[in-house]
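Peer 1: There's a structure below that I have some questions on.
The values are calculated or read from the model by the stated rules, or taken from the named source; none is laboratory data. Since this is a predicted model, take the numbers as computed values, not measurements. All Cβ positions, even for glycine, are placed from backbone atoms using ideal geometry, and neighbour counts span all protein chains on display. Please note that ligands, DNA and RNA were not included when accessible areas were found on the heavy atoms of the full protein model with its side chains. Shrake-Rupley method; radii C 1.70, N 1.55, O 1.52, S 1.80 Å.
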Amino acid sequence: SDLGVQMALFDASAYARRQFRPTRADNANKKAGGRLVLAGGLVLDEDGRVLLVHRSTPTMTWWETPGGKIDCGENPRDTTVRELFEELGIDIDIVADLGWHDFESGERPMRYAIYQVKIVAGEPKPREAIFDAAGYFTWNELMDMRSQLSPNARTILEKQRRGKLQLA
């Protein structure tokens, strides 16, 4: 019947689920509402520990996930690859899209696209003057050092604690 054909043509739910998920990291710069949009990588070692870099500047001293601002015309995946090479000298492959989240840093609203990544070449070492260390931490260690984490890293830690990170 015509109704059956109309229903079949109208049911795009499988396509929508597969093709467009607004919470994917790939879509972080859409409808950002004036937020500064950043992208970065969650690097886990073979023991499941998280790689963080230590920022040490006159205005900010904390552990954070490697990543940075999305340049004009750049997509979040490319930003993640570029930033991890610039900050730590590592080449990475993206393993999973972990979505995006909004947070505040000082008075500045930000959005962070995050990918689970694996290192394919290089040994992570700080390459920029604003970073003075890099290290791997268990999720429990991160809970204990919560006050030493950036607002973004605390948000990621909270997502993990609540079971909201879909790690590969």
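Peer 1: Summarise the accessible area of the chain (1.4 Å probe, protein heavy atoms) by the percent that is carbon and sulfur. Walk me through the numbers on the way to the answer.
Peer 2: Values: 4880 of 9590 Å².
With neighbouring chains kept in place, the figure for the chain is 51 percent.
Peer 1: Still on this structure, I have one more. With all protein chains present and a 1.4 Å probe, how do Lys125, Lys159 order by accessible area, largest first?
Peer 2: On the way: Lys125 120, Lys159 30 Å².
Sorted by accessible area, descending: Lys125, Lys159.
Peer 1: How big is region 85-136 by Rg and Dmax over its Cα atoms, in Å?
Peer 2: 13.4, 37
Peer 1: Determine the distance separating the Cα centre of region 134-168 from the Cα centre of region 94-115; give it in Å without decimals.
Peer 2: First find each Cα centre; the distance between them is then 13 Å.
Peer 1: While we're looking at this one, here's another question. Tell me, what is the Rg over Rh of region 40-110, with Rh the Kirkwood radius over Cα pairs? List each step's numbers first, then the result.
Peer 2: On the way: Rg = 13.0 Å, Rh = 13.5 Å.
Computed over Cα atoms, the ratio is 0.96.
Peer 1: Please state, as a whole number in µm²/s, the translational diffusion coefficient that the Stokes-Einstein equation yields for the chain at 37 °C and 0.692 mPa s, with Rh defined as the Kirkwood radius across alpha carbon pairs.
Peer 2: Working: Rh = 17.0 Å.
Rounded, D is 193 µm²/s.
Peer 1: Averaging over every viewing direction, what projected area does the convex hull of the Cα atoms of region 102-163 cover, in nm²? Don't skip to the answer; put the middle values down first.
Peer 2: Details: hull surface 22.5 nm².
Directional mean of the projected Cα hull area for region 102-163 stands at 5.6 nm².
Peer 1: Let me ask something else. Treating cross-link reach as a plain straight distance, find the aspartates and glutamates whose alpha-carbon is under 14 Å from the alpha-carbon of Lys31, omitting any fewer than eight places away in the same chain.
Peer 2: Within the straight-line limit of under 14 Å, Lys31 reaches these aspartates and glutamates: Asp102.
Peer 1: Still on this structure, please answer the following. In what sequence, highest mean first, do 129-138, 89-98 appear when ranked by Cβ atoms within 10 angstrom?
Peer 2: Working: 129-138: 14.2, 89-98: 18.4.
Ranked from most to least packed, the peptides come out as 89-98, 129-138.
Peer 1: To the nearest 10 square angstrom, what accessible area does Lys69 show with a 1.4 Å probe?
Peer 2: Roll a 1.4 Å probe over it and Lys69 shows about 120 Å².
Peer 1: Per-residue counts of other Cβ atoms within 10 Å, averaged by peptide: what ranking do you get for 55-64, 146-155, highest first? List each step's numbers first, then the result.
Peer 2: Details: 55-64: 13.8, 146-155: 16.9.
Averaged packing, sorted descending, gives the order 146-155, 55-64.
Peer 1: Now a separate question. When only C-alpha pairs under 8 Å and at least 6 residues apart count, what is the relative contact order of the chain, in percent? Walk me through the intermediate numbers first.
Peer 2: Details: 308 pairs, mean separation 44.6, N = 168.
Contact order relative to length: 27 percent.
Peer 1: Excluding ligands, DNA and RNA, what is the solvent-accessible area per residue of the chain at a probe of 1.4 Å, expressed in Å²?
Peer 2: Values: 9590 Å² over 168 residues.
Per-residue accessible area for the chain comes out at 57 Å².
Peer 1: In deg cm²/dmol and to the nearest 500, what is the mean residue ellipticity at 222 nm of the chain if only DSSP H runs of at least 4 residues count, each as -39500 (n - 2.57), divided by the residue total?
Peer 2: Numbers: 5 runs with 46 residues, N = 168.
Result for the chain, helices only: -8000 deg cm²/dmol.
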